[in-house]
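The values are calculated or read from the model by the stated rules, or taken from the named source; none is laboratory data. All values derive from a computational prediction rather than experimental measurement. So basically every Cβ, Gly included, is an ideal-geometry build from the backbone, and we count neighbours across all protein chains shown.
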């Protein structure tokens, strides 16, 4: 989600009234932080050649028996309370709840050449599930940091008014941007750790072991 960080000059003048204590906070915002990891989906519709076109080649091993495509989706929402002054028409704004949700999902592709239940299918499933396990482990380990970054960003000082309707929307967007930027920054660090660990799984030695485990599979008859 992309949120504008611009604040109209006409609104800035109203924000200066905050220093006079016109809009004192009435409550601290509540953080609703959630994480969900879905079971992987399995897909046997693509051939090894098709999968090879979607994943980097492992040196010395041109065959693609399986590919895992994972996705991390982060969503944010801010609920605010607004009180309008009947005389001025301006309003005070303060957040009441900040929601952060992170969802992990993965789709595992197994080469169509492998018969379901055979050696190649079983070895590929086991290998790709190692990738999924790394994703989930790193995300689980990062949850306290992710939650902490969200909580800290949620408490960053933001204007409270008095302001007009457009200014009230900008106050909400500013807080939303603070939280999403903080959590997004931490998620980038998680992804870097995941990428490093995944490279330790996809080695030429692992694929040589794989081929020796299932010598009768069509993909390994070279």
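Among the numbered criteria (1) touching a strand residue (DSSP E or B) at 6+ places or on another chain (Cβ under 8 Å); (2) assigned to a loop (DSSP other than H, G, I, E, B); (3) over 30 Å from residue 29 (Cβ atoms), which single criterion is violated by residue 161?
Every condition holds for residue 161 apart from (3).
May I ask you to say which residue of 118, 161 is modelled with pLDDT under 95 and either under 25 Å from residue 67 (Cβ atoms) or surrounded by fewer than 20 Cβ atoms within 10 Å (Cβ to Cβ) (or both)?
118
At least 2 residues that are under 24 Å from residue 169 (Cβ atoms) and in contact with a strand residue (DSSP E or B) (Cβ under 8 Å, 6 or more places away or on another chain) in each: list the strands (runs of 3 or more DSSP E) lying fully within region 25-142 that qualify.
Working: elements: 30-37, 41-43, 66-84, 91-110.
Per the criteria, 30-37, 66-84, 91-110.
So residue 147 ticks every box in (1) more than 30 Å from residue 27 (Cα to Cα); (2) part of a helix (DSSP H, G or I) but one. Which box is left unticked?
(1)
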